[in-house]
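The values are calculated or read from the model by the stated rules, or taken from the named source; none is laboratory data. Keep in mind that this is a model prediction, so the values were computed, not measured. Cβ sites come from the backbone with ideal geometry, for glycine too, and all protein chains shown count toward neighbours.
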Amino acid sequence: MKKLFLISAVLMMFTASFVFAGTPDAILGEWVTEGDKSFVDIYKCDELYCGKIVWLKNPKDEEGKEKFDKKNPDETMRSRKLLGLPILWGFRYTGDSEWKEGKIYDPQNGKTYSCKIKLEGEKLKVRGFIGFSLLGRTAIWTKKS
């Protein structure tokens, strides 16, 4: 009887992990960006999904000061700290573990791109692009443990 219960519990957890992976909220939480440079917290913003930088490997510049959004083309935004900076917004779950119609901001060059996200296991394929998704770049983020 104990064996049957244990097997049933393991099967239920295994099945639940597949069900959860296909739900809109599966991307919620902290993700480690490519190169382990930062953590991005993905959260719900109304009925959409957004993300902000919550940790930086190097939070200070060469002079030992906090890093700011100094490459932003809008001069009024250059005083924003990188820590806490919103970089993902407007994502809508479209099914099949994909979120589309969003934007991603790259503080390294101050540019904003169209973006789509695909969840594959514990990895996010974050694809920024201009115009068509064929003209872009994909970064792989991993779920923070």
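Of the listed requirements (1) in contact (Cβ under 8 Å) with a residue 40 or more places away in the chain; (2) farther than 17 Å from SER38 by Cα, GLY110 misses just one: (2). Among what's in segment 107-130 and is small (Gly, Ala, Ser) and surrounded by 15 or more Cβ atoms within 10 Å (Cβ to Cβ), pick the residue that is farthest from ARG92 (Cα to Cα). Applying the filter and picking the extreme gives GLY110. As a summary of the residue check, ALA21 satisfies the conditions (1) at pLDDT below 95; (2) loosely packed, with under 13 Cβ neighbours inside 10 Å except for the one numbered (2). Within segment 134-145, residues that are farther than 13 Å from GLY121 by Cα reach partners that are hydrophobic (A, V, I, L, M, F, W, C) and loosely packed, with under 14 Cβ neighbours inside 10 Å with beta carbons closer than 8 Å, at six or more positions or on different chains, in the pairs GLY136/ILE130. Can you confirm whether segment 96-103 contains a residue that is basic (Lys, Arg), at pLDDT 95 or above and farther than 17 Å from THR138 by Cβ? For segment 96-103, residues basic (Lys, Arg), at pLDDT 95 or above and farther than 17 Å from THR138 by Cβ: absent.
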